[in-house]
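Visitor: Structure provided below as structure tokens; questions to follow.
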Amino acid sequence: MQKSILITGGAGFIGSHVVKLFVEKYPHYRIINLDCLTYAGNLENLKEIEGAPNYAFEKVNILDEAALKDVFNKHKITDVIHLAAESHVDRSITDPLAFVKTNIIGTVNLMNTAKSFWEQYENHLFYHISTDEVYGSLDDGGFFLETTPYDPQSPYSASKASSDHFVRAYANTYKLKTVISNCSNNYGPNQFPEKLIPLCIHNIKNNKPLPVYGKGENIRDWLYVVDHARAIDVVFHEGKAGETYNIGGFNEWKNIDIVRLLCQKMDEKLGRTAGSSAQLITFVKDRAGHDLRYAIDASKIQKELGWEPSLQFEEGISKTIDWYLENEQWLGNVTSGNYQKYYESLYANRG
């Protein structure tokens, strides 16, 4: 095995797609999936590759320093792709300390473990996956660049911004070889249905309300998760140490327009009367500190590393809906009591 790569958060939404890509594309690599299997982590996401000879799973929390050291020693870890994180903004508002622990302290634990285990840093890479939310809100137009000053507006984005700063500080202070990427909103198969797109698909199918914050005017840049996994692959292998790469879909949509598109496509796929699902749209009290707009300028990774999205948004949405409709058992397993109570509380706060 040329490399033994630790992928943290590998049972989660984005992480599972990265793990599958690396296991299948690089049989000469050893891929170690480290995940503590919180509500958003699900080994069903990896059933296609669970028996692969170059794959192993370790149920470990990145806050457990001793367990991390054991994993590094056991598998002789050569590189880290770090995706493990608390990632839902709403949850960060109600429990910010959980985000401080996992996203900041967990990241520092990982780097400390790597730093103590690796003798020659230049032969190893610590790749930290972050978010465009660290840049704040684009209220006056423009796009996020790699040089955009950080201006996090939620406990979630503040925790990710802090972890980004720690990664850069460790690169500067200890000469750890690092790279960071900041990505826009992902969508696609295996996403836990607390997020907008899978939540809407699930609720439309079951004729439940579709909660939309405020007036639905908030704008996000959307990227198909498989394209993000491809970008991570490119950055890991071709990215320049010490650099940051913004990853986006060149694909801005207002939240309300996405919900209406989902209603239209679901009506078509379920054979319902056109416009019937749109009647489920329910405007609720806006999220505290809700950023107006995110938009990534991904020209750097496109020009320097040759990556670009492979799917247009409507094609990706159609594939995503088909996946959820074809995987009802997966959806039922992950939604059994985990998120319904939270979203039911939103319906009581209709705008």
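Bear in mind that the values in this text are calculations on the coordinates, not laboratory data. Note that the structure is predicted; figures quoted are calculated from it, not measured. Because the Cβ atoms are built from the backbone with ideal geometry, glycine has one as well, and the counts that use them run over all protein chains shown.
Visitor: Using a cut-off of 14 Å between beta-carbons, work out the net charge of the residues near Pro27 (Lys and Arg +1, Asp and Glu -1, Pro27 not included).
Guide: On the way: positive: Lys3, Lys20, Lys25, Arg30; negative: Glu24.
Its environment carries a net charge of +3.
Visitor: Roughly what would the spin-label model give for Lys269 and Ile93, points 7 Å off Cα along C-beta, in nm?
Guide: 2.8 nm
Visitor: Let me ask something else. Provide Thr8, Thr94 in ascending order of the number of other Cβ atoms located within 10 Å of each residue's Cβ, fewest first.
Guide: Working: Thr8 28, Thr94 11.
So the residues, fewest neighbours to most, are Thr94, Thr8.
Visitor: Still on this structure: Pick the calculated semi-axes √(5λ) of the Cα gyration tensor in Å for this structure from (1) 33, 22, 19; (2) 30, 26, 20; (3) 48, 33, 13?
Guide: (1)
Visitor: Highest first, please rank the peptides 186-195, 135-144, 272-281 by the mean number of other Cβ atoms sitting within 10 Å of their residues.
Guide: Values: 186-195: 22.0, 135-144: 15.9, 272-281: 14.3.
So the peptides 186-195, 135-144, 272-281, ranked by packing, come out 186-195, 135-144, 272-281.
Visitor: Please give the net charge around Glu194, taking every other residue with its beta carbon less than 10 angstrom from that of Glu194, where Lys and Arg add +1 and Asp and Glu add -1. Write out the running numbers ahead of the final one.
Guide: Numbers: positive: Arg91, Lys195; negative: Asp90.
Local net charge: +1.
Visitor: Please give the calculated 222 nm ellipticity per residue for the chain, where each DSSP H segment of at least 4 residues contributes -39500 (n - 2.57) and the sum is spread over every residue; nearest 500 deg cm²/dmol?
Guide: Numbers: 13 runs with 143 residues, N = 351.
The per-residue figure over the chain is -12500 deg cm²/dmol.
Visitor: Right, next: Restricting attention to the range 70-159, which GluC sites (Glu not before Pro) occupy a DSSP loop and are surrounded by at most 14 other Cβ atoms within 10 Å? Provide the component values of the computation, followed by the final result.
Guide: On the way: sites: Glu86, Glu119, Glu122, Glu133, Glu146; in loops: Glu86, Glu119, Glu146.
Qualifying residues, ordered by number: Glu119.
Visitor: Label-point separation (nm) for Ala56 and Gln329, each offset 7 Å from Cα along Cα-to-Cβ?
Guide: Those two pseudo-labels are separated by 3.0 nm.
Visitor: Magnitude of the Cβ-charge dipole of the range 77-133, K/R +1 and D/E -1, about the Cα centre, nearest 20 debye?
Guide: Details: 3 positive and 8 negative charges, 41 e Å.
For the range 77-133, the charge dipole is close to 200 debye.
Visitor: Pick from Gly271, Gly316, Gly332: which residue has the top mean-square fluctuation in a GNM of the chain where Cα pairs under 10 Å get a spring?
Guide: Top of the fluctuation ranking is Gly271.
Visitor: Between Glu238 and Ala169, what length comes free when the chain is fully extended (0.36 nm per residue of separation minus the Cα-Cα distance, one decimal in nm)?
Guide: On the way: separation 69, 0.36 × 69 = 24.84 nm, distance 2.20 nm.
Fully extending the segment from Glu238 to Ala169 adds 22.6 nm.
Visitor: Let me check against my output: what whole-number percent is the relative contact order of the chain, with C-alpha pairs under 8 Å and at least 6 apart? Before the final figure, lay out the partial values.
Guide: Values: 661 pairs, mean separation 59.3, N = 351.
Here the relative contact order equals 17 percent.
Visitor: Separate question: How high is the relative contact order of the range 1-146, in percent, with contacts defined as C-alpha pairs under 8 Å that are six or more residues apart?
Guide: Working: 220 pairs, mean separation 34.8, N = 146.
Once normalised by length, the contact order is 24 percent.
Visitor: Which residue, His75, Pro309, His165, has the largest displacement toward the positive end of the dipole of the chain when charges sit on each Cβ (Lys, Arg +1; Asp, Glu -1)?
Guide: My answer, from the dipole projection, is His75.
Visitor: A further question on this structure: How large is the charge dipole for the chain, taken about the Cα centre, if only the Cβ atoms of Lys, Arg (+1) and Asp, Glu (-1) carry charge, to the nearest 20 debye?
Guide: On the way: 36 positive and 44 negative charges, 97 e Å.
The calculation lands at about 460 debye.
Visitor: Now for a different question. How charged is the neighbourhood of Ile14? Take every other residue with its Cβ under 15 Å from the Cβ of Ile14, and add Lys/Arg as +1 and Asp/Glu as -1. List each step's numbers first, then the result.
Guide: Values: positive: Lys20, Lys160, Lys195, Arg230; negative: Asp35, Glu86, Asp132, Glu133, Glu194, Asp227, Asp233.
Local charge sum for Ile14: -3.
Visitor: Of the beta bridges DSSP finds with both residues in the range 12-157, what % are antiparallel, to the nearest 5? Working shown, then result.
Guide: Numbers: 0 of 9 bridges.
Within the range 12-157, antiparallel bridges account for around 0 percent of the total.
Visitor: Something else: Listed highest first by mean packing, meaning other Cβ atoms within 10 Å per residue, what order do 293-299, 254-260 come in? Don't jump to the answer; show the numbers that get you there.
Guide: On the way: 293-299: 21.0, 254-260: 18.6.
The densest-packed peptide leads the list: 293-299, 254-260.
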